[in-house]
1. Any chance you could count how many residues in the stretch 65-107 are more than 13 Å from the ligand (Cβ to nearest atom), surrounded by 14 or more Cβ atoms within 10 Å (Cβ to Cβ) and assigned to a helix (DSSP H, G or I)?
2. Give me the pairs, please: first residue somewhere in the stretch 128-145 and among the small types (Gly, Ala, Ser), second residue anywhere and near the ligand (Cβ under 7 Å from one of its atoms), beta-carbon distance under 6 Å, and either six or more positions apart or on two chains.
3. Could we say that Lys129 is of a type in the set (Lys, Arg), out of contact with any Leu (no Cβ under 7 Å at 6 or more places or on another chain) and part of a helix (DSSP H, G or I) here?
4. Would you list the helices (runs of 4 or more DSSP H) that sit entirely within the stretch 136-239 and hold 2 or more residues that are modelled with pLDDT of 95 or more and over 23 Å from Leu263 (Cβ atoms)?
5. Only residues that are surrounded by 19 or more Cβ atoms within 10 Å (Cβ to Cβ) and of a type in the set (Lys, Arg): list them for the stretch 270-316, please.
6. Would you please list the contacts, defined by Cβ atoms under 8 Å and residues six or more apart or on different chains, that run from a residue in the stretch 263-274 that is over 14 Å from Ala228 (Cβ atoms) to a residue that is among the acidic types (Asp, Glu) and assigned to a loop (DSSP other than H, G, I, E, B)?
7. Take the residues in the stretch 240-287 that are of a type in the set (D, E, K, R) and part of a helix (DSSP H, G or I), then tell me which one is farthest from Asp302 (Cα to Cα).
8. Condition check: in contact (Cβ under 8 Å) with a residue 24 or more places away in the chain and over 27 Å from Lys233 (Cα atoms). Does Ser283 satisfy that?
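The values are calculated or read from the model by the stated rules, or taken from the named source; none is laboratory data. This one's a predicted model, so the numbers in the text were calculated from it and none came from an experiment. Backbone-built Cβ (ideal geometry, glycine too); neighbour counts: all protein chains shown.
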Amino acid sequence: MKNFHFYWFKQIVANNGKLERRLSLGEYKRALSWSKYLVSSGAEIKGEGEEEWSADMSELYIGNKFASGRHSRIYRGIYKQRDVAIKLISQPEEDGDLASFLEKQFTSEVALLLRLNHPNIITFIAACKKPPVFCIITEYLAGGSLRKFLHQQEPYSLPLNLVLKLALDIAHGMQYLHAQGILHRDLKSENLLLDEYMCVKVADFGISCLETQCGSAKGFTGTYRWMAPEMIKEKHHTKKVDVYSFGIILWELLTALTPFDNLTPEQAAFAVCQKNARPPLPSTCPRAFQHLINRCWSRNPDKRPHFEEIVGILEHYSECVEQDPEFFSSYEPRKDHRLIGCLPRFIANRR
Ligand SMILES: Nc1ncnc2c1ncn2[C@@H]1O[C@H](COP(=O)(O)OP(=O)(O)OP(=O)(O)O)[C@@H](O)[C@H]1O
């Protein structure tokens with residue numbers, strides 16, 4: 001039997017600079033209780049398709065826990081000499097329904113991650129399934145979540161060119177995801193991670209689904225503050241639920257605030273569905289963004305643009321700002337949403 005203590009011993013002693021500090025006794029014991037399941041006790045029978053993604057446990061070093069999800073703990077680690085994040089999901093012994101839900105969620109997340117390959121989507125590396133513990137190994141993104149980054153900023157302080165760049169990263173990732181026929185369904189700033197170059201990557205595909213297999217949103221565990229009204233109401237939903245969430249994220253980028261922070265998530269859900277409430281757009285918000293945000297979070301999903309169009313709009317804004325730094329103050333939206341040339345002032349002035 002490969003002794004998992006050996007891994008820990010190696011991990012603690014090697015402490016090769018990438019693992020920031022030694023584990024406290026508490027952390028060690030907690031990690032022990034989860035990771036003992038991860039070490040194989042010899043020959044094992046792999047489930048269908050498991051060869052494709054199954055991690056070689058002898059190459060995995062688990063470091064410190066640095067974040068937690070509702071049913072998971074996230075550790076730093078090294079896998080095949082690469083910095084990784086290891087999400088450990090443990091099935092509760094006492095709750096069979098939750099245990100089987102978590103197993104299904106794990107299987108679905110791995111199956112979706114496996115087919116994704118895009119610079120604005122988190123890179124999947126491997127996974128392991130050793131009930132009652134599962135793990136998902138992905139690239140480690142050193143910049144943390146967009147939510148954490150925004151909370152470190154002064155409200156309304158993000159420069160518009162940075163807002164544009166971050167929005168475009170997210171929109172590119174989402175355009176790709178939708179082109180693969182996948183709905184994210186839990187798009188929020190906490191699930192958007194930054195690398196060391198401030199590139200945003202879409203993460204956490206726990207409740208994502210293939211468009212053809214999404215079914216109803218009954219018993220959903222997404223996050224109300226970012227959730228489209230049709231999903232809150234557990235109605236039929238489409239890719240446009242992600243566009244609604246993107247509208248809320250655009251608002252977050254422009255304000256660096258939490259949406260509906262004066263309301264509980266349940267009150268926010270009620271206000272969105274019953275009163276068609278949305279977070280207030282600041283008076284300083286450029287009209288170009290106001291126009292796009294209002295379209296993205298329309299009550300009617302058909303009025304929300306597809307990500308393809310959103311990418312086109314944001315790229316157009318980027319080009320225009322490059323040509324004319326005053327573009328945002330002179331922008332007038334068109335009723336038919338058509339993009340017209342940037343008409344930079346320096347050209348107009350030359351005429
Ligand atoms: N690859 C990674 N690199 C850096 N940080 C990460 C990585 N994966 C996850 N995190 C951090 O861990 C947090 C939780 O991760 P994730 O959302 O995947 O877990 P989860 O169990 O699905 O959470 P929840 O169910 O609560 O949404 C993220 O918000 C982020 O701060």
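1. Qualifying residue count for the region: 3.
2. Ser145/Glu190; Ser145/Leu193
3. In short, no.
4. Numbers: elements: 146-151, 160-179, 229-232.
Answer list for the stretch 136-239: 160-179.
5. Matches in the stretch 270-316: Arg278, Arg304.
6. Once the first residue is over 14 Å from Ala228 (Cβ atoms) and sits in the stretch 263-274, no partner that is among the acidic types (Asp, Glu) and assigned to a loop (DSSP other than H, G, I, E, B) comes close enough.
7. Step by step, filter the stretch 240-287, then rank; the result is Glu266.
8. Against the criterion (in contact (Cβ under 8 Å) with a residue 24 or more places away in the chain and over 27 Å from Lys233 (Cα atoms)), Ser283 does not qualify.
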